[in-house]
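The values are calculated or read from the model by the stated rules, or taken from the named source; none is laboratory data. Please read these numbers as outputs of a predicted model, since none were measured by experiment. Cβ placement follows ideal geometry from the backbone for every residue including glycine, while neighbour counts extend to all protein chains displayed. Please note that ligands, DNA and RNA were not included when accessible areas were found on the heavy atoms of the full protein model with its side chains. Shrake-Rupley method; radii C 1.70, N 1.55, O 1.52, S 1.80 Å.
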Amino acid sequence: MSVRLAVRVHPGARRSGLLGRLEDGTLKVAVAVPPEGGRANAALSELLAQRLGVKKRQVTVVRGLTARRKVVEIEGLEGAELARRLERALGREARDGE
């Protein structure tokens, strides 16, 4: 079982974190590393794994390796569980950012 998630990445940000959602439901994410040599993709996978409570190896960028818009596959989660964990993580990010 796995689920795919559309993501819009802002590499080279001041700090890493989940920023919210775009109108189409795409998750906005900032990573504090530049997009060089796959470092931003690795940071994205690590951040999502941490926020979603899964292992890093369960998170894979499957489309858009060199683009800001990406599709990430998360193994071990179904759609409803991913949605629940994302909402909880976004809520935490909002509280911590205040």
Exercise for review: Any residue in the range 69-98 that's among the acidic types (Asp, Glu): show its pairings with residues that are in a helix (DSSP H, G or I) and surrounded by 15 or more Cβ atoms within 10 Å (Cβ to Cβ) at Cβ separation under 7 Å, as long as the two are six or more apart or on different chains.
Suggested key: Glu75/Gln58
Study note, to complete from the structure: Among residues of the range 1-15 being out of contact with any strand residue (DSSP E or B) (no Cβ under 6 Å at 6 or more places or on another chain) and over 20 Å from Gly76 (Cα atoms), the residue least open to solvent (accessible area, probe 1.4 Å) is Pro11
Exercise for review: Could you check Lys70 against (1) touching a His at 6+ places or on another chain (Cβ under 8 Å); (2) open to solvent by less than 50 Å² (accessible area, probe 1.4 Å); (3) not aliphatic (A, V, I, L, M) and say which number it fails?
Suggested key: (1)
Review point. In the range 22-56, how many are surrounded by fewer than 17 Cβ atoms within 10 Å (Cβ to Cβ), within 20 Å of Leu77 (Cα to Cα) and more than 11 Å from the chain's Cα centre (by Cα)?
Key: 4
Exercise for review: Give the number of residues within the range 19-38 that are of a type in the set (Lys, Arg) and touching a residue at least 24 places away in the same chain (Cβ under 8 Å).
Suggested key: 1
Check your understanding: Quick one: what pairs do we get from the range 1-17, first residue more than 12 Å from Gly64 (Cβ to Cβ), second open to solvent by 50 Å² or more (accessible area, probe 1.4 Å) and in a strand (DSSP E or B), C-beta under 8 Å, 6+ apart or different chains?
Key -> Met1/Glu75; Ser2/Glu75; His10/Leu19; His10/Lys28
Revision key, fill the gap. Those strands (runs of 3 or more DSSP E) completely within the range 1-86 that have 2 or more residues that are on the phi < 0 side of the Ramachandran plot, modelled with pLDDT of 95 or more and among the charged types (D, E, K, R) are 2-10, 69-75
